[in-house]
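Visitor: Here it is, the structure, as structure tokens.
The values are calculated or read from the model by the stated rules, or taken from the named source; none is laboratory data. Everything quoted here is computed from the prediction, not taken from an experiment. Virtual Cβ from ideal backbone geometry, glycine too; neighbours counted across all protein chains shown. Each accessible area value is taken on the protein alone, full model and side chains, heavy atoms only, with ligands, DNA and RNA left out. Shrake-Rupley method; radii C 1.70, N 1.55, O 1.52, S 1.80 Å.
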Amino acid sequence: MSDRPPFLPSAARLIVSSVNSFLHFVPLLIVSPFSRPAAWAIYMHWGRMACRIFGITVTLRDDNNGDLGPTPHLYVWLNQSSLAEILTLQVLPPVYKIANVEYAVMPLVGWTCLLLRDVVIVRQWKSQAKRGIERAAARLARGEAWGISIE
């Protein structure tokens, strides 16, 4: 039990993070129907601020030495062990995501899936999930960059 973080700093981070989320979600809600680049900038700033609040440092290892090849790009997360990994998006160019409905229904942070025009799937409904993946693949073929987390 000695490795538990102190209560007051943890509670303060939770409160500050909640305020950060609200202060970013409202502008994202207003801007997203009109400008994907502006919405993405708000989303990235939200993530950077969350990382500062929780003391998280995000780095990107580029095994391609900056040469990603022709567009579009598909980014694949090979493991997802926590919700903090969504913050890694701040180091990528704007991407659309394939998200599980369980994530998409989470207040504020999950709702961004709809605001950023991601594809939300219900993995348990095989035909719906397949149609969602097919929609994302068609959009990838049209030149949009995508990200997916393989769990």
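Visitor: Scan Leu68, Leu60 and give me the residue that is part of a loop (DSSP other than H, G, I, E, B) and either in contact (Cβ under 8 Å) with a residue 24 or more places away in the chain or among the charged types (D, E, K, R) (or both).
Guide: None of the others qualify; the one that does is Leu60.
Visitor: I would also like to ask the following. What residue, among those in the range 52-67 that are at pLDDT below 90 and open to solvent by less than 80 Å² (accessible area, probe 1.4 Å), is farthest from the chain's Cα centre (by Cα)?
Guide: Selected residue: Gly66.
Visitor: Sticking with this one: Please indicate, with yes or no, whether at least one residue in the range 89-96 is modelled with pLDDT of 90 or more, open to solvent by less than 40 Å² (accessible area, probe 1.4 Å) and either closer than 25 Å to His24 by Cβ or part of a helix (DSSP H, G or I) (or both).
Guide: Looking for residues that are modelled with pLDDT of 90 or more, open to solvent by less than 40 Å² (accessible area, probe 1.4 Å) and either closer than 25 Å to His24 by Cβ or part of a helix (DSSP H, G or I) (or both), one finds at least one in the range 89-96, hence yes.
Visitor: Search the range 119-143 for residues being of a type outside the set (Val, Ile, Thr) and assigned to a loop (DSSP other than H, G, I, E, B), and hand back the single one that is least open to solvent (accessible area, probe 1.4 Å).
Guide: Gly143
Visitor: What do you reckon, is Arg36 under 17 Å from the mean Cα position of the chain (by Cα), among the charged types (D, E, K, R) and open to solvent by less than 60 Å² (accessible area, probe 1.4 Å)?
Guide: Yes; evaluated as a whole, the condition is true for this residue.
Visitor: May I pose another question? Could you tell me how many of the residues in the range 97-112 are within 20 Å of Ala136 (Cβ to Cβ), open to solvent by 60 Å² or more (accessible area, probe 1.4 Å) and either part of a loop (DSSP other than H, G, I, E, B) or at pLDDT below 75 (or both)?
Guide: Adding up the residues that qualify gives 2.
Visitor: Follow-up question, since we're still on this one. Which residue is most open to solvent (accessible area, probe 1.4 Å), if the candidates are limited to the range 1-31 and must be closer than 14 Å to Leu108 by Cα and touching a Phe, Trp or Tyr at 6+ places or on another chain (Cβ under 9 Å)?
Guide: Leu23
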